[in-house]
Amino acid sequence: MRAQGLSRRFGELLAVDNVDLQVPRGQVYGFLGPNGSGKSTTIRMLCGLLEPSAGEIEVLGLAIPAQAEALRRRIGYMTQRFSLYEDLSVRENLEFLAAIQDLPRVQARQRVDALLQQYRLQDRQVQLAGTLSGGQKQRLALAGAVIHAPELLFLDEPTSAVDPESRRDFWEALFELADAGTTVLVSTHYMDEAERCHRLAILDRGALVADGTPAELCAQLQGRTLKVTASQPRQASRALAALPGVLSVAQIGTELRVLCSEGAADTSVLAQALAAADPQASIEPVAPNLEDVFVAATRGRGREPAA
Ligand SMILES: Nc1ncnc2c1ncn2[C@@H]1O[C@H](COP(=O)(O)OP(=O)(O)OP(=O)(O)O)[C@@H](O)[C@H]1O
C-alpha cells in the first residue's frame, strides 16, 4: 500500500496534509496521533471510503478511489463502534456478513464455524450480539471483518472500548493474521500497542511527523531522555520545565522523566538548576521509549500531546 501527497480538506480545515506512506505486506503497521490528527480520515481514504482532495493512493496494486469497488472484496474494515447488528445473534451476524461478501452457502457455513471456534464464540452463537460483553463484541467484530479472508485489514481504534486482557487477546489475534500474510493497519492511542507494531507512523494535525520501526524511532531520541530522582519532585519538576530546551517533564511516582529538544540535553545545566531546587536530587540518562517519541514528535511542533 502506498500513498503520495495525500491530503483532505473539510471546508477550511486541512484534516490530512500531504502525507506520504508506504506499508509493506504482511506487517502490522500502527497509526499513532492525538485526537483529531487525521488518523481516521487517512484510513477512510486508503480503503476507498472517502475521496482525497489531492494525492495518489495504490492499495494491493489498485488505484484508489478509481478502483475502490474491486478493493472492497479484498479488504476488511473495523472501527471502535464495532458495527454489529445488535438484534441478530452472533452466528446470524457472521452469516449475514458472509452473504454480503457473496460467499457460497457451504463455504460460508464452514467459515462461520471456523471463526466461531477461532474467536472463542462457539458457546455464544445463539446469543444476541447486543447482549455480549465489550471483549466478546470486539472478537465478533474482528471475525466479521475477516469473514472473506481479506488480504488487508484496516482497524480504526479497535481496542478503545475493552479491558487490558481483551486488548492483549486482540493483539494476539492480529499477529496470527499477520503471520498468515494479512497486512494490518491499526490506529491506536495506547503506547503498549504502538510498541508491538512492526512499523509506526505518527500523525499530528494532519501531517506525518514520524515514520519507522519502534526501535528506529526510539534510537533517534538517544541522548535526549533523562531520569531524575528527587526528594522534592514537584519543585524539581518546575525548575526543570522552566529551562530552555526542556520539552517535557513527567512525574512517575517520585521520579521525573525529562525529554529535551534536539542538541539541548546539557546535563550540567540541568544539574545546576536541579541542585538549586532540590539539593538531594540526582540526574542520569535513560533509554528513550515510545511515549518520549510521541511527545517529541507532537510537542516539538508547539502543542500539548493528547495521549
Ligand atoms: N466529515 C467531516 N466533516 C468535517 N470535518 C471532519 C470530517 N471528518 C473529520 N473531520 C475533521 O478532521 C479532523 C481529523 O479527524 P479524524 O477523525 O481523522 O482524526 P483522528 O486522528 O482519527 O481522531 P481520533 O483519535 O479522535 O479518532 C478533525 O478536526 C475532524 O473534526
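So which residues in segment 13-40 are in a loop (DSSP other than H, G, I, E, B), more than 10 Å from the ligand (Cβ to nearest atom) and out of contact with any Phe, Trp or Tyr (no Cβ under 6 Å at 6 or more places or on another chain), if there are any at all?
Those that are in a loop (DSSP other than H, G, I, E, B), more than 10 Å from the ligand (Cβ to nearest atom) and out of contact with any Phe, Trp or Tyr (no Cβ under 6 Å at 6 or more places or on another chain): P24, R25, G26, Q27.
Would you say Q80 is in contact (Cβ under 8 Å) with a residue 24 or more places away in the chain, open to solvent by less than 80 Å² (accessible area, probe 1.4 Å) and either touching an Asp or Glu at 6+ places or on another chain (Cβ under 6 Å) or not assigned by TED's automatic domain parsing to the domain that holds F10 (or both)?
In short, yes.
Residues being touching a residue at least 24 places away in the same chain (Cβ under 8 Å), surrounded by fewer than 14 Cβ atoms within 10 Å (Cβ to Cβ) and over 11 Å from R224 (Cα atoms): count how many of those fall in segment 256-283.
Residues flagged as touching a residue at least 24 places away in the same chain (Cβ under 8 Å), surrounded by fewer than 14 Cβ atoms within 10 Å (Cβ to Cβ) and over 11 Å from R224 (Cα atoms) within segment 256-283 amount to 3.
Looking at segment 176-208, which of its residues are in a helix (DSSP H, G or I) and open to solvent by 50 Å² or more (accessible area, probe 1.4 Å)?
Residues satisfying the conditions are E176, D179, D192, E195, R196.
V16 passes all but one of (1) surrounded by fewer than 22 Cβ atoms within 10 Å (Cβ to Cβ); (2) over 19 Å from R81 (Cβ atoms); which number fails?
The failed condition is (1).
Of the numbered conditions (1) within 11 Å of the ligand (Cβ to nearest atom); (2) in contact (Cβ under 8 Å) with a residue 40 or more places away in the chain, C47 satisfies every one except a single condition; which is it?
The number of the failed condition is (1).
Take P288 and tell me if it is at pLDDT 90 or above, under 26 Å from R205 (Cα atoms) and either assigned to a loop (DSSP other than H, G, I, E, B) or open to solvent by 70 Å² or more (accessible area, probe 1.4 Å) (or both). Give the steps one after another, and end with the answer.
Values: at pLDDT 90 or above: yes; under 26 Å from R205 (Cα atoms): yes; either assigned to a loop (DSSP other than H, G, I, E, B) or open to solvent by 70 Å² or more (accessible area, probe 1.4 Å) (or both): yes.
Here the answer is yes, as P288 does meet what is asked.
Please go through segment 161-174 and give me each residue that is surrounded by 14 or more Cβ atoms within 10 Å (Cβ to Cβ) and either of a type in the set (F, W, Y) or in a loop (DSSP other than H, G, I, E, B) (or both), ordered by number.
A161, V162, F170, W171
The values are calculated or read from the model by the stated rules, or taken from the named source; none is laboratory data. Remember, predicted model here, so these are calculated numbers, not experimental data. Backbone-built Cβ (ideal geometry, glycine too); neighbour counts: all protein chains shown. Side chains included, ligands, DNA and RNA excluded: accessible areas come from the protein's heavy atoms. Shrake-Rupley method; radii C 1.70, N 1.55, O 1.52, S 1.80 Å.
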